[in-house]
Amino acid sequence: MDFFAGHYISCCGSNQEHFGWTDRVPIYYGIQYNHSGKLYLRINHEKEYRLEGPYAFVTHPNAYFEYGNINGEPRSHNFICSYGERIEAYIKSGLLQPDRDPAPVRIANPEKFLQTMLAIIAMARRPGPLPPRAILLYEDLLLQMYESGQKEKKLPPYQEIFFRKLIEEIRKHPEEEWDFEQQAEKCSITTTHFRRLFKEITDLPPRQFLIQCRLQHAAHLLIFSHDSIGEIAEKVGIENQFYFSRLFREKYLTSPLEYRREFTGKVEEERSGTC
């Protein structure tokens, strides 16, 4: 099968508590994604950005990049670096925009974007050639970036700060019981207006966004932990394991155990607590 020939991933990774700094001219084309936390970015010793939250940008061999943490605070850093004829085709078509101005793109659906990256990374780390599905997901990632750049949204400054902080806290602690009526009161707006503004930023109502954050965190734990399904459900704030499995299947079109097997290659029996 050579449908997706000419695309190679040189390196990739994900660190949800990243401390580090990069300053160099890259060898490859990289999708760099700051899912959460504060990010400093400077290009060609000129353009400078100080960002917070879900921003993606493209690093490439034609510019000098400096980027990293601000004030030594951790951030969620995710990256996929690629090369090959197919990458050049993406640039010519406009799907990949290395010279976009402004360079950073605020991602409209951060959970979907991160999950797509994690899926690609998991497949790229397996022995053997890069699976065609990984390249298909990479193209979806580029499309998500392009679409996000077309519809960046603006709020009044005081509301922007409030909602960005709230959304970041929900992402960090999805297991908590969030009272959105109380959050609306804190922002001095009605619950209806709160929900409208929240959806304007995240494309989801508050409760659905919370569920998506819980499921995204669960997907991460399925790949990077050995916890049982019941333990993971409890850790993300969904006490009923059967309800958790139903929600997970609705989002990812597969069961939690099948998801774990797909992205880790491991088949593990659930611990039942019996001997």
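The values are calculated or read from the model by the stated rules, or taken from the named source; none is laboratory data. Just so we're clear, the structure is a prediction, and the values are computed from it rather than from any experiment. We place every Cβ from the backbone using ideal geometry, glycine too, and count neighbours over all the protein chains shown.
Counting only helices (runs of 4 or more DSSP H) that fall entirely inside segment 156-264 and contain at least 3 residues that are aliphatic (A, V, I, L, M), the qualifying elements are 157-172, 206-224, 229-235. Based on what the data block shows, is Glu66 surrounded by fewer than 19 Cβ atoms within 10 Å (Cβ to Cβ), outside any loop (DSSP other than H, G, I, E, B), touching a strand residue (DSSP E or B) at 6+ places or on another chain (Cβ under 9 Å) and modelled with pLDDT of 95 or more? Criteria met by Glu66.
Screening segment 1-51 for residues that are in contact with a helix residue (DSSP H, G or I) (Cβ under 8 Å, 6 or more places away or on another chain), in a strand (DSSP E or B) and aliphatic (A, V, I, L, M) and picking the one that is surrounded by the fewest Cβ atoms within 10 Å (Cβ to Cβ) gives Ile9. Please verify whether segment 97-110 includes one or more residues that are surrounded by 15 or more Cβ atoms within 10 Å (Cβ to Cβ), farther than 30 Å from Phe198 by Cα and either in contact (Cβ under 8 Å) with a residue 60 or more places away in the chain or not assigned by TED's automatic domain parsing to the domain that holds Glu258 (or both). Taking every residue of segment 97-110 in turn, at least one turns out to be surrounded by 15 or more Cβ atoms within 10 Å (Cβ to Cβ), farther than 30 Å from Phe198 by Cα and either in contact (Cβ under 8 Å) with a residue 60 or more places away in the chain or not assigned by TED's automatic domain parsing to the domain that holds Glu258 (or both).
The residues of segment 69-94 that are surrounded by 14 or more Cβ atoms within 10 Å (Cβ to Cβ) and of a type in the set (Lys, Arg), listed by number, are Arg75, Arg86. One residue stands out among those in segment 119-131 that are of a type in the set (A, V, I, L, M) and surrounded by fewer than 19 Cβ atoms within 10 Å (Cβ to Cβ): the one that is nearest to the chain's Cα centre (by Cα), which is Ala122.
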